[in-house]
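One structure below.
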Amino acid sequence: MIFRALIPLALVTLAACGDTDKEAPNTDPVDLDADGYADDVDCDDADAEVRPGAAELCDGVDQDCDGQVDEDASDASTWYRDRDDDGYGDAMDPLAACELPAGYTSRDGDCDDGDATFHPGAAEEDCADPADYNCDGSVGYADEDGDGFAACEECDDTLLAVHPGAVEVCDGVDNDCDGDVDTGAVDARPWYADGDGDGYGAAASVVLACEAPAGAVADARDCDDSAAGVHPGAAELCDGVDQDCDGDVDDEATDASTWYADLDGDGAAGTRVVARACAAPDGYLAQATDCDDLDASAFPGGGEVCDGADNDCDGAIDEEVPDAPLWFTDADGDGHGAGRGQGACEAPQGMVAVGDDCDDSDASAWPGALERCDGVDNNCDTRVDVGAVDATTWHADMDRDGQGSPFYTVEACAQPAGYVASATDCDDLDPDTYLGALERCDGVDQSCDGAADDGLYGLLDTCPAESCLDLHRAFGGLGDGRYWIDPAGEGLGWEVPCDMAGGGWTGVEYAEDLPYINRWTTGDAWRWLPEDLVTVLPLEQIVALQGLSSEGHQTWVQRCEHVISHYYVAGDDYNHAVSFRFAEGTVTGRGLADYSPFDIEVVEDGCSVNGGGDASTEDDPTVFEISSPLVPVVNIQTTDSGNPGEYFGSPLTANPAWLR
């Protein structure tokens with residue numbers, strides 16, 4: 001394969017009226033050295049080793065034809081950066097080059113390229129110097145325990161914690177190498193003299209040592225070191241002495257008496273809280289006689305009341321209480337009783353606290369019960385079925401069509417005159433309007449389904465809608481199809497296509513296509529079609545529809561042969577760009593690339609080549625997308641269409657205008 005530079009292609013165009021095609025001669029490049037690259041890209045076409053992409057060598061030749069000599073050569077030597085200029089370089093900083101660069105060397109292995117004393121072969125003489133000057137990984141320096149002191153400088157090179165200046169501790173070792181063991185140890189503990197031999201010493205007599213001296217102990221909590229019976233843990237006695245050294249005298253004495261707390265302060269103590277002490281604490285008594293020491297109303301000799309407690313501590317609860325409440329017989333079990341009351345602290349079987357039942361034989365009747373439609377005075381207010389919770393809601397039927405109004409109601413157990421059970425009449429003053437009534441095309445919702453004229457509106461020429469958008473808003477579930485509209489309000493409908501899925505677009509159709517023919521033979525000139533295009537919808541209806549619309553779109557397909565419609569390739573200009581006239585008379589510019597202020601986009605321009613061939617047949621059109629509420633287009637103005645053999649037309653019936 002031969003790689004070639006991009007060869008400009010001369011574009012030969014024909015004039016609209018009989019231009020002659022011409023073609024410039026082409027000259028192909030050659031590949032003299034047969035290396036696969038022609039002489040227009042090969043920088044030395046006499047040498048097959050020189051070509052784009054060839055491997056660069058250290059020979060002063062530009063093998064890869066990039067304009068540089070010997071760069072990135074495949075046979076370049078490796079050099080190492082020598083920052084300390086000791087003749088050895090850093091192996092981690094190499095450089096490939098054909099010649100030795102400044103500051104580099106051919107030898108690597110320098111373990112510290114910032115210090116010239118470090119390099120292979122350097123001398124090592126000091127046993128206390130840990131540096132590896134000759135970069136061989138070993139030194140004369142020895143520090144077995146790693147404490148920073150050479151073996152020749154310390155007393156034990158096997159222990160990390162032993163060296164001159166180390167901290168002395170209680171371990172039987174001369175840590176600081178001063179010749180003394182454990183002297184001045186930082187962890188020596190205090191010991192205290194035990195004068196009375198009870199195992200506890202006095203805090204005032206202390207000595208620091210690793211081991212206990214004779215007659216000394218570790219515990220310094222003795223509060224009297226002259227008495228062997230006084231020390232922490234000794235038994236306390238009622239004698240005014242603090243035997244256990246806790247700071248309290250006679251507390252928890254082994255010979256203390258038992259006392260009982262009077263918790264409720266009623267003069268009688270219970271057994272809930274008991275204390276032992278040498279003397280009675282405040283609020284304590286020697287005897288426990290209270291049966292409930294948390295209730296001040298309960299004690300021996302107290303008065304009995306209805307409280308569920310044994311107030312007099314005689315073993316009986318709530319007996320013989322003079323002010324006990326009254327209870328009433330509840331025969332029907334509805335929680336309300338009747339008759340004379342009986343006194344007792346607790347409700348006797350079958351009795352309740354209230355005696356207001358108006359009928360104690362009927363469990364559905366009692367004060368506060370829900371009134372129901374059952375012929376009984378359920379709530380005991382002397383009225384039967386008034387305000388019953390299960391009363392029926394009746395609706396006024398003022399037009400006597402059998403269906404009532406949802407707005408005029410009455411609650412009652414029985415149906416009142418002039419009322420019905422249903423509330424489906426949406427106009428109770430019109431007997432022809434009720435749920436299920438037949439619709440008429442009069443703007444009234446006779447069938448009470450929430451939509452006026454449904455089933456008629458837009459479906460008959462005698463009941464037209466204003467537009468497809470009007471229908472879409474009134475009946476959102478309608479599908480795409482043909483419907484009747486009357487935007488001008490003339491009383492007679494026109495059938496149009498409606499795009500309901502797209503949101504209620506109204507289609508404005510053409511009565512016929514613009515034929516694909518030759519129209520003029522008198523020379524090129526700007527000309528409108530002699531007659532406007534015919535739409536199915538009359539002009540006054542289109543203008544009225546435009547007044548109801550805020551947006552529109554139309555696809556104009558310009559089929560052509562030898563007729564330029566927008567861009568002219570041969571002339572590289574837009575001098576033949578067509579002009580459009582809309583229904584209400586507005587005209588776009590002509591001979592321009594941009595149709596501003598109109599939103600018109602050329603999405604396909606098959607008519608841009610003036611002449612025969614696939615690019616200028618009726619099957620390769622120029623397509624305009626027009627977005628404007630002024631559509632439809634009713635006429636087109638062209639200039640390149642005045643000679644024999646020049647044809648244009650448009651499939652109008654397949655491309656209606658759409659307004660919404």
**Q.** Filter result (among the hydrophobic types (A, V, I, L, M, F, W, C), under 30 Å from A253 (Cα atoms) and open to solvent by 60 Å² or more (accessible area, probe 1.4 Å)) within region 287-339
**A.** C291, L294
Q.
If I filter region 212-235 for residues that are under 30 Å from T158 (Cα atoms), assigned to a strand (DSSP E or B) and not basic (K, R), do I get at least one hit?
A. no
Q) Residues of region 102-155 being without any contact (Cβ under 8 Å) to a residue 12 or more places away in the chain and under 24 Å from V167 (Cα atoms), which ones? A) A151
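Looking at A204, is it of a type outside the set (S, T, Y) and open to solvent by 60 Å² or more (accessible area, probe 1.4 Å)?
Values: of a type outside the set (S, T, Y): yes; open to solvent by 60 Å² or more (accessible area, probe 1.4 Å): yes.
Yes.
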Q. Hey, any hits in region 514-521 for a residue that's under 20 Å from V603 (Cα atoms), among the hydroxyl-bearing types (S, T, Y) and either free of Cβ contacts under 8 Å to residues at least 60 places away in the same chain or open to solvent by 20 Å² or more (accessible area, probe 1.4 Å) (or both)?
A. no
Q: Go through the residues of region 346-364 one by one and say whether even a single one is open to solvent by 50 Å² or more (accessible area, probe 1.4 Å), more than 30 Å from A388 (Cβ to Cβ), in contact (Cβ under 8 Å) with a residue 24 or more places away in the chain and not polar (S, T, N, Q).
A: yes
Q: List the number of the failed condition for T433; all other conditions in (1) part of a loop (DSSP other than H, G, I, E, B); (2) at negative phi; (3) at pLDDT 85 or above; (4) among the polar types (S, T, N, Q) hold.
A: (3)
Q: Go through the residues of region 185-194 one by one and say whether even a single one is open to solvent by less than 70 Å² (accessible area, probe 1.4 Å), hydroxyl-bearing (S, T, Y), in contact (Cβ under 8 Å) with a residue 12 or more places away in the chain and in contact with a Gly (Cβ under 9 Å, 6 or more places away or on another chain).
A: yes
Q. Among A24, A54, A38, A46, which is open to solvent by 80 Å² or more (accessible area, probe 1.4 Å) and either at pLDDT 55 or above or closer than 30 Å to T78 by Cβ (or both)?
A. A46
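Each row is one residue, and each column tells you yes or no for (1) in a helix (DSSP H, G or I); (2) among the polar types (S, T, N, Q); (3) without any contact (Cβ under 8 Å) to a residue 60 or more places away in the chain.
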| position | (1), (2), (3) |
| --- | --- |
| P530 | no, no, yes |
| L537 | no, no, yes |
| Q546 | yes, yes, no |
| V563 | no, no, no |
| E584 | no, no, yes |
| G589 | no, no, yes |
| V603 | no, no, yes |
Q) Using beta carbons and a limit of 9 Å, which pairs, at least six apart or on different chains, have the first residue in region 276-303 and outside any loop (DSSP other than H, G, I, E, B) and the second one polar (S, T, N, Q)? A) R276/S257; R276/T258; A277/S257; A277/T258
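The values are calculated or read from the model by the stated rules, or taken from the named source; none is laboratory data. Given the structure is predicted, the values throughout are model-derived calculations rather than measurements. Reconstructed Cβ throughout: ideal geometry from the backbone, glycine too, with neighbour counts over all protein chains shown. All accessible areas refer to the heavy atoms of the entire protein, side chains included, with ligands and DNA or RNA removed. Shrake-Rupley method; radii C 1.70, N 1.55, O 1.52, S 1.80 Å.
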